[in-house]
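Below you'll find the structure, written out as structure tokens, and then a few comments.
Here, each number is a calculation from the coordinates, and none is a lab measurement. The model shown is predicted, which means the values in this text are computed figures rather than measured ones. Here the Cβ positions follow ideal geometry from the backbone for every residue, glycine too, while neighbour counts run over all protein chains shown.
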């Protein structure tokens, strides 16, 4: 019976030692892993409670990012042309004004809703005025692809027909 009680005692001590090891490991894991995360969560929850879940509090936190995004979006929008909206009318008005400024007679075709949208511009006047008109059209802040330019000279006058497409973004 003495040997049996000795083995039982050793087994009991071994089980207690293993349990102590697991308890120590759990406490260590709890203290250095779970508690810092829960404290972070509690501090965020406290801030939300203090702020009262207000929309203004959230906006104040992300206001700078929102402003940066708005500026980037505007910069991107300015590089593209919406042929269906007010910008199309402004483009046609620009072409008419540029032709008038350069003493050119002009005929501007309707903006066809092809894919991509296309129009034909016909101008007539002196060669230098036609070239100035083309340069102004090129420098306009609208994405254009000149498909073809045909010019015919007669009696000191140049007739130019420009076919342009407006690639969609």
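By counting other Cβ atoms within 10 Å of each Cβ, how are 45, 95, 112 ranked from fewest to most? Write out the running numbers ahead of the final one.
Working: 45 10, 95 21, 112 13.
In order of increasing Cβ crowding within 10 Å: 45, 112, 95.
Shape call for segment 124-169 from the C-alpha gyration tensor, a ≥ b ≥ c root eigenvalues: rounded (a/c under 1.5), prolate (a/b greater than b/c) or oblate?
Details: a/c = 4.95, a/b = 1.98, b/c = 2.50.
Oblate.
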